[in-house]
Amino acid sequence: MKDKSKTLVSAIIPTYNRANLISRAVRSALDQTYGNLEIIVVDDGSTDRTSEVLRAFGDSIRTVRQINSGPSAARNAGILVARGDIIAFLDSDDVWLPTKIERQVQLLEQAGNEVPCCVCNATLSRPYYGCTTSFDLAGLKLGVESGRWQNPAYVLASRFVLFNQVAAVRRSALKVIGGFKEDLRLLEDYDLALRLSLLGPWAIIREPLVVKHVEAGDCLSVEAAKDPLMMECMAEKVIGNFLREHQFVDKKLKRALESTLQRVRSSVVAIEMSKQPSKLVSSRGRLWHFALRKQYALWRRTPWWPQAVVL
């Protein structure tokens, strides 16, 4: 039952040819303990039984259909019709735990209107490899259960932290930054997170309130995981554009981003070398790429590895 005295939250679920999975995601949104939630599913031109599956949910969800335009365009289409003051995103192959939205809204209300978003941890379910969490994968250690994350920009300057599925974002903040960039089909959430990080402190929850299913298939994320060059090239594009498009008063932050960009560019060159037909060149490329990864792994173990400051 809806409680209209509470802030309206819009859950946006983009989907494309996920007839076998979309019900699981929608049900997890319907099962939220929060009392004022609208669910918007954006069907990005599916050609399978997705429309039929969605019709079974009746008036409990709103469905938007468009020609296939990519995940960023689908999320923007959902934002456009959303009525909520807080927007939350859920990928069609993932699920929210029941208290996810309630916990995030409570924390955002406590944190104040100047906090643009709230993120939580997520369990990453990977076939054959077991489970870990998104915070563990990103080397993000929190000394408290929840609070105001004071330095999201500094942490994001050094690595990607899972965002879309775990975030609840104020509509006003999305309006300021302009939503998702529709030319990005990978790391679009990293780009959005970087831009949101310039608006101020975030709210953060240490507990995993999302389950991300890293499943075999033809999705872009799986394809990119098999091709490191694809992911590194997209990271180079995202960070490079971010540096060009913003004026940084904080010179330390700018230097951190420039350092990460240089590391990513070196990785791109090393991977490209490793793919060359010359055995000498390809061997040097593989050694260089291994050295870069080793250097990054060692950095994660030092006191200089940026950690979240949470109050």
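Strands (runs of 3 or more DSSP E) wholly in the stretch 1-70 with at least 3 residues that are acidic (Asp, Glu) - which ones? If you could, list the steps in order and put the result at the bottom.
Working: elements: 9-15, 37-44, 62-66.
Those strands (runs of 3 or more DSSP E) span 37-44.
In the stretch 88-137, what count of residues is obtained for those that are aromatic (Phe, Trp, Tyr) and surrounded by 17 or more Cβ atoms within 10 Å (Cβ to Cβ)? Lay out the reasoning, then the answer.
Taking the stretch 88-137 and keeping what is aromatic (Phe, Trp, Tyr), we get 89, 96, 128-129, 135.
If we keep only those that are surrounded by 17 or more Cβ atoms within 10 Å (Cβ to Cβ) too, we end up with 89, 96, 135.
The qualifying residues number 3.
For every residue, the table says whether it meets (1) under 19 Å from the mean Cα position of the chain (by Cα); (2) closer than 30 Å to SER5 by Cβ.
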{"residue": "ALA25", "(1), (2)": "yes, yes"}
{"residue": "SER28", "(1), (2)": "yes, yes"}
{"residue": "GLN32", "(1), (2)": "no, yes"}
{"residue": "ASN36", "(1), (2)": "no, yes"}
{"residue": "ILE40", "(1), (2)": "yes, yes"}
{"residue": "SER51", "(1), (2)": "no, no"}
{"residue": "ARG62", "(1), (2)": "no, yes"}
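From the list ARG49, ARG83, ARG55, which one is within 28 Å of LEU124 (Cα to Cα) and of a type in the set (Lys, Arg)?
Answer to the check: ARG49.
In this structure, does THR63 turn out to be surrounded by 20 or more Cβ atoms within 10 Å (Cβ to Cβ), closer than 27 Å to VAL176 by Cα, polar (S, T, N, Q) and assigned by TED's automatic domain parsing to the domain that holds LEU184?
no
Can you pull out every residue in the stretch 78-87 that is surrounded by 22 or more Cβ atoms within 10 Å (Cβ to Cβ) and free of Cβ contacts under 8 Å to residues at least 40 places away in the same chain?
none
Is it true that LYS226 is modelled with pLDDT under 95 and basic (Lys, Arg)?
Details: modelled with pLDDT under 95: yes; basic (Lys, Arg): yes.
The answer is yes for LYS226.
The values are calculated or read from the model by the stated rules, or taken from the named source; none is laboratory data. All values derive from a computational prediction rather than experimental measurement. Note that each Cβ is placed from the backbone with ideal geometry, even for glycine, and that neighbours are counted across all protein chains shown.
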